[in-house]
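*Asks:* I have a structure I would like to understand better, so I am pasting it below and will then ask my questions one at a time.
Values quoted throughout were computed directly from the atomic coordinates according to the rules given, and no laboratory measurement underlies them. Since this is a predicted model, take the numbers as computed values, not measurements. Quick reminder, even Gly has a Cβ in these numbers, built from the backbone with ideal geometry, and neighbours come from all protein chains shown.
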Amino acid sequence: ATPTSIMAGSGRAAEFGILFKGGEHLEQTHHIDTVVVDKTGTVTNGKPELTDVIVSDGIDEAEFLALIGSSEKQSEHPLAEAIVQGIQQKNIALLNVDKFEAIPGFGVKAIVQGKEILVGTRKLMSKYDVNISNDLSVMEKLEANGKTAMLASIDGQYAGLVAVADTIKETSKRAIKRLKDMNIEVIMMTGDNERTANAIGAEVGVNHVIAEVLPEGKAEEVKKLQASGKKVAMVGDGINDAPALAVANIGMAIGTGTDVAMEAADITLIRGDLNSIADAIIMSHKTMRNIK
Ligand code: ADP
Ligand code: MG
């Protein structure tokens, strides 16, 4: 490979907001046949908003929201921020929290005013033996619409749920179609539940969805694809994505995401528009053609 054409290729890419950390990555990108995209903040805008609150019989909604909001206030998760913002917009005052624990991939646990509060997934509820049967069908309906529903319990009793919705980036659908037209398989991977993930995956037209992946599992999924002979580009924005970005043949970080993701990646996509993935691959093809 001639250094001159690699440099010219990197320079041209940079003009399009595609920053290669080194020339060797331009060569690697040329061989990519599989693109794995994270959901939240990558396919979607990553700014979820509170859309639904459903409380069980006998539960006061304002009190429920105060307890949930106070617990989530301690969390740095984007879902937590959405819940807290939505609750504060309802002018509900938050309470002091005596104890807090984040349970990555599951939710949160807190003690507020002497009450034990849990907010998170079905798995979190079953882990603590909370019976959620009452609202399961409601939850499924919300998820089929692409919303993320989080269940809550107070002192071990199921108390209600909150749902948030994230918006899909306007550019995601076309960007994914361009990749598929290049015979590249597109897989969306997320910690979110299967139903929500499938709804969003179908809307943007990915070939395959891998859902309910625990934070440490994303890199494992990439390794599995590699073991079956795939050359994988991983695209993500979060701290969660960093190990997967590092093990992928090419890691692409979204420029609007976390610094940790950018450090782990080989390429930064400044524009946050997934069309940059196809652009990067096309530029690598052109550069490699010039070299041969
Ligand atoms: P993602 O890959 O979408 O960032 P995570 O692995 O961080 O997902 O979380 C997986 C799931 O765990 C979320 O979809 C949510 O249901 C639940 N969860 C995580 N953090 C919280 C939280 N702070 N409050 C409530 N639920 C949470
Ligand atoms: Mg993300």
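*Asks:* With the Cα gyration tensor of the range 212-270 giving a ≥ b ≥ c as the square roots of its eigenvalues, does the rule (a/c under 1.5 for rounded; else a/b larger than b/c for prolate; else oblate) give rounded, prolate or oblate?
*Replies:* Oblate.
*Asks:* Test of understanding: in a Gaussian network model of the chain with alpha carbons linked when under 10 Å, which of D135, D38, D57 would top the mean-square fluctuation ranking?
*Replies:* D57
*Asks:* Enter the Cα centre distance for the pair the range 15-49 and the range 50-66, rounded to the nearest angstrom.
*Replies:* 39
*Asks:* Rounded, prolate or oblate: pick one for the range 45-152, where a ≥ b ≥ c are the square roots of the eigenvalues of its C-alpha gyration tensor, a/c under 1.5 means rounded, and failing that, prolate if a/b is larger than b/c, else oblate.
*Replies:* Here the range 45-152 falls in the rounded category.
*Asks:* Still on this structure, I have one more. Taking every DSSP beta bridge with both residues inside the chain, roughly what % is antiparallel (nearest 5)?
*Replies:* 65
*Asks:* Add +1 for every Lys or Arg and -1 for every Asp or Glu among the other residues with Cβ under 12 Å from the Cβ of R195, and state the total.
*Replies:* Every neighbour counted, the sum reads -2.
*Asks:* Additional query: Build a GNM of the chain with springs between Cα atoms under 10 Å: which of M234, M188, M125 gets the top mean-square fluctuation?
*Replies:* Result for the chain, Cα springs under 10 Å: M125 fluctuates most.
*Asks:* Now for a different question. How charged is the neighbourhood of E220? Take every other residue with its Cβ under 15 Å from the Cβ of E220, and add Lys/Arg as +1 and Asp/Glu as -1.
*Replies:* -1
*Asks:* Would you mind calculating the gained length between A202 and A227 on full extension (0.36 nm times residue separation, minus the Cα-Cα distance), in nm to one decimal?
*Replies:* That pair, A202 and A227, stretches by 6.4 nm at full extension.
*Asks:* Read phi for every residue in the range 98-107 and hand back ³J(HN,Hα) as whole Hz from Karplus 6.51 cos²θ - 1.76 cosθ + 1.60, θ = phi - 60°, with x for Gly and Pro.
*Replies:* These are the phi-based 3J(HN,Hα) values: 8, 8, 8, 9, 8, 10, x, x, 10, x Hz.
*Asks:* Would you work out the charge dipole size for the chain about its Cα centre, treating the Cβ of every Lys and Arg as +1 and the Cβ of every Asp and Glu as -1, and quote it to the nearest 20 debye?
*Replies:* Dipole magnitude for the chain comes out near 1220 debye.
*Asks:* Same structure again: Add +1 for every Lys or Arg and -1 for every Asp or Glu among the other residues with Cβ under 12 Å from the Cβ of I103, and state the total.
*Replies:* +2
*Asks:* Continuing with this model, one more query. Counting helices only, and only those DSSP H runs with n ≥ 4, report the 222 nm mean residue ellipticity of the chain as the sum of -39,500 (n - 2.57) divided by its residues, in deg cm²/dmol to the nearest 500.
*Replies:* Computed ellipticity for the chain at 222 nm equals -12500 deg cm²/dmol.
*Asks:* Next up: Could you sort out which of K177/K218; K123/K169; K90/K218 sit more than 26 Å apart by Cα distance in this structure?
*Replies:* Over 26 Å Cα-Cα: K123/K169; K90/K218.
*Asks:* Please report the orientation-averaged projected area of the chain, defined via the convex hull of its C-alpha atoms, in nm².
*Replies:* For the Cα atoms of the chain, the hull's average projected area reads 15.4 nm².
*Asks:* Still on this structure, please answer the following. What shape does the range 166-292 have by the C-alpha gyration tensor, where a ≥ b ≥ c are the square roots of the eigenvalues, rounded means a/c under 1.5, and otherwise prolate means a/b greater than b/c and oblate the rest?
*Replies:* rounded
*Asks:* Can I get the semi-axes of the range 75-206's equivalent ellipsoid? Compute them from the C-alpha gyration tensor as square roots of 5 times the eigenvalues, in angstrom, largest first.
*Replies:* Semi-axis lengths for the range 75-206 are 32, 16, 13 Å.
*Asks:* While we're looking at this one, here's another question. Determine ³J(HN,Hα), in whole Hz, for all residues of the range 276-285 in sequence, where each value follows from phi through the Karplus function 6.51 cos²θ - 1.76 cosθ + 1.60 and θ = phi - 60°; x replaces Gly and Pro.
*Replies:* So the Karplus estimates, Gly and Pro as x, are 5, 5, 4, 4, 4, 5, 4, 5, 5, 4 Hz.
*Asks:* Which residues' amide hydrogens lie under 5 Å from the amide hydrogen of I210, considering only partners 5 or more residues apart or on another chain, with H built in the peptide plane?
*Replies:* Excluding prolines and chain starts, which carry no amide H, the hits are M188, M189, T190.
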